[in-house]
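The values are calculated or read from the model by the stated rules, or taken from the named source; none is laboratory data. These numbers come from a predicted model, not from an experiment. All Cβ positions, glycine included, derive from the backbone under ideal geometry; neighbour counts span all protein chains shown. These accessible areas exclude ligands, DNA and RNA; they are computed on the full protein's heavy atoms, side chains included. Shrake-Rupley method; radii C 1.70, N 1.55, O 1.52, S 1.80 Å.
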Amino acid sequence: MPLKVPFSTHLETVSEREGIIVEVTGKDGSKGCGEGVAFSSPWYTEETVSTSWHMLKDFLIPLLKKRTPEHLGETEKLFSFFRRNHMAKAAIESALWDLEARRKGLSLSAFLGGCGGSIPSGVVVGTPNIKAAVGQIETFLDKGYTRVKIKISPENDVAFVAEIRRQFPNLDLMADANSAYTLEDVDKLKALDEYGLMMIEQPLGNDDIVDHASLQKKISTPICLDESIVSLDDAVKAIKLGSCRVINIKPGRVGGLGPAKKIHDYCRKHHIPVWCGGMIEFGVSRAHNVALASLPGFTIPGDISGSDRYWEKDIITPEIVVEKGRIKIPERPGLGFDLDFRRLKEVTLAQEEFMFE
Ligand code: OSB
Ligand code: MG
């Protein structure tokens, strides 16, 4: 699906988004859906749409066929016999969470242990052009968003942040570097301390937790890790080392809602606030994120914007709507949103069905 406006980081510009939508049907006819959030090229993590499709078709689905899991914990355990490929795993795992919640007659939020009500939304600016960025922020504020994230890199940082801060002195603002820096840039990163950023996300290596610990000792802005945390084990080690004060949780990055919930639980116990990241995703993953972000440790607004942030028309009904800066948590069983099959059909490139028995 084409994005309304291209989204740029220092690594890649996304103008069209491919994704994988998984629908599971139980023997009793109950259904669930999930989304594979890998991009078309491996710029954010090593997975792509093609590697996800391969993993699903050639390994994960055959594995489930061979040993149908009795419950969600068993799925997670089965999948752990194959290394990584977290986004492919999460596509099925999250669909099974939806199915199980529907069966239990609980909203996915309640099934996960969430609080109900609504969650605060947040939005990301995807342009290094200062004029365009200011324009986007103005539009987002008009729509009710109260927390904004910008992307920074060594080519576009101190002056960019300073100008945005000058124009929006009271805005809840964070900056994401997607691993654009090294420890040699410490003076530049320290210079950002002046601008009252809520945090700086993933400034250093995408799989580093050692240098981030050194950096956190030298800057006062809290470091938030994204790419570096792909498992509970990573979160435990990063917290132990002091590599971050905040963690961004994305179900796709960590292998599903089960692992995401475990990271949340651990962080909550250790007083590390978490927030839910985004993947420029379609409504299915967005809806899973809404449920996840209703857990009590998600104390910081995440990158969960409305369907209309990126899409002319989303593939779920109803769409995700931001009202006065918040998104309502659905109360009906499961995800609380249905696939809009008409819209889905319009944008489907390929489809495959796998029968068990
Ligand atoms: O680093 O958080 C990130 C988008 C794609 C991949 C990685 C990231 C992002 C974003 C935007 O920052 C999130 C969104 O609006 O969905
Ligand atoms: Mg990030």
> Which of Glu70, Glu16, Glu227 moves the most in a Gaussian network model of the chain with Cα springs under 10 Å?
Replying inline: Glu70
>> Let me check the size of the stretch 197-241 from its C-alpha atoms; what are the radius of gyration and Dmax in Å?
In response: 9.8, 28
> Binned at 5 Å from 0, what are the whole-percent values of the Cα-Cα distance distribution for the stretch 112-338, short to long?
Replying inline: 1, 7, 15, 19, 19, 17, 13, 7, 2, 0, 0
> Most fluctuating residue of Val158, Val254, Val274 in a GNM of the chain with Cα springs under 10 Å: which is it?
Replying inline: Val158
> Pairs Lys31/Lys66; Lys151/Lys324; Lys217/Lys262; Lys190/Lys250; Lys149/Lys250; Lys218/Lys262: which exceed 18 Å Cα-Cα?
Replying inline: Lys31/Lys66; Lys151/Lys324; Lys217/Lys262; Lys190/Lys250; Lys218/Lys262
> On alpha-carbon atoms, Rg over Rh for the stretch 81-132 using Kirkwood Rh?
Replying inline: 1.19
> If all Cα-Cα distances of the stretch 144-196 are sorted into 10 Å bins from 0 onward, what percent lands in each bin, rounded to whole numbers?
Replying inline: 23, 57, 19, 2
>> Test of understanding: what is the full-extension gain from Lys345 to Trp43, defined as 0.36 nm times their sequence separation minus their Cα-Cα distance?
In response: 105.9 nm
>> Tell me which of Leu344, Gly256, Pro154 sits at the most positive position along the dipole axis of the chain, charges placed on C-beta atoms (Lys, Arg +1; Asp, Glu -1).
In response: Gly256
> Roughly how tilted is helix 130-142, in degrees to the nearest 10 and between 0 and 90, from the longest Cα axis of the chain?
Replying inline: 60
> What is the mean projected area of the alpha carbon convex hull for the stretch 2-105, to one decimal in square nanometres?
Replying inline: 7.7
> Å³ per residue of the Cα convex hull, for the stretch 173-277?
Replying inline: 83
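Which percentage, to the nearest 5, of the DSSP beta bridges contained in the chain is antiparallel? Kindly include the intermediate steps, with their values, before the conclusion.
On the way: 16 of 34 bridges.
Taking every DSSP beta bridge with both residues in the chain, the antiparallel ones total about 45 percent.
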> Under the rule of -39500 (n - 2.57) per DSSP H run of 4 or more residues, summed and divided by the residues of the chain, what mean residue ellipticity at 222 nm is obtained, to the nearest 500 deg cm²/dmol?
Replying inline: -10000 deg cm²/dmol
> Contour minus end-to-end for Leu183 and Lys313, with contour as 0.36 nm per residue of separation and end-to-end as the Cα-Cα distance?
Replying inline: 42.6 nm
>> Tell me the net charge near Lys4. Cut-off is 12 Å between Cβ atoms, Lys4 excluded, with +1 for each Lys or Arg and -1 for each Asp or Glu.
In response: -1
> If you stretched the chain out fully between Asn206 and Lys328, how much longer would it get, using 0.36 nm times the residue separation minus the C-alpha to C-alpha distance?
Replying inline: 40.6 nm
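Can you give me the convex hull volume of the Cα atoms of the stretch 99-204, divided per residue and expressed in Å³?
Convex hull volume per residue, Cα atoms: 146 Å³.
Using only the Cα atoms of the stretch 14-59, what semi-axes does the equivalent ellipsoid have when each is the square root of 5 times a gyration tensor eigenvalue? Give whole Å, largest first.
Each semi-axis is √(5λ); the values are 25, 12, 7 Å.
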>> Using only the Cα atoms of the stretch 29-175, what semi-axes does the equivalent ellipsoid have when each is the square root of 5 times a gyration tensor eigenvalue? Give whole Å, largest first.
In response: 39, 22, 11
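In the stretch 277-338, what is the volume of the convex hull around the alpha carbon atoms, normalised per residue and reported in Å³?
Expressed per residue, the convex hull around the Cα atoms of the stretch 277-338 is 84 Å³.
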> By the scheme Lys and Arg +1, Asp and Glu -1, what is the net charge of all other residues having a beta-carbon under 9 Å from that of Val124?
Replying inline: +1
> Excluding ligands and nucleic acids, what accessible area in Å² is computed for Lys4 using a 1.4 Å probe, to the nearest 10?
Replying inline: 90
>> With only alpha-carbon atoms in the gyration tensor, what are the semi-axes of the equivalent ellipsoid for the stretch 104-165, in Å, largest first?
In response: 34, 13, 9
> If we count every other residue with Cβ under 13 angstrom of Met174's Cβ, Lys/Arg +1 and Asp/Glu -1, where does the sum land?
Replying inline: 0
> At Asn129 and Lys27, where each label point lies 7 Å from the Cα along Cα→Cβ, what is the point-to-point distance in nanometres?
Replying inline: 5.8
> For the pair Glu194 and Lys262, what calculated FRET efficiency results from E = 1/(1 + (r/R0)^6), where r is the Cβ-Cβ distance and R0 = 30 Å, to the nearest 0.05?
Replying inline: 0.25
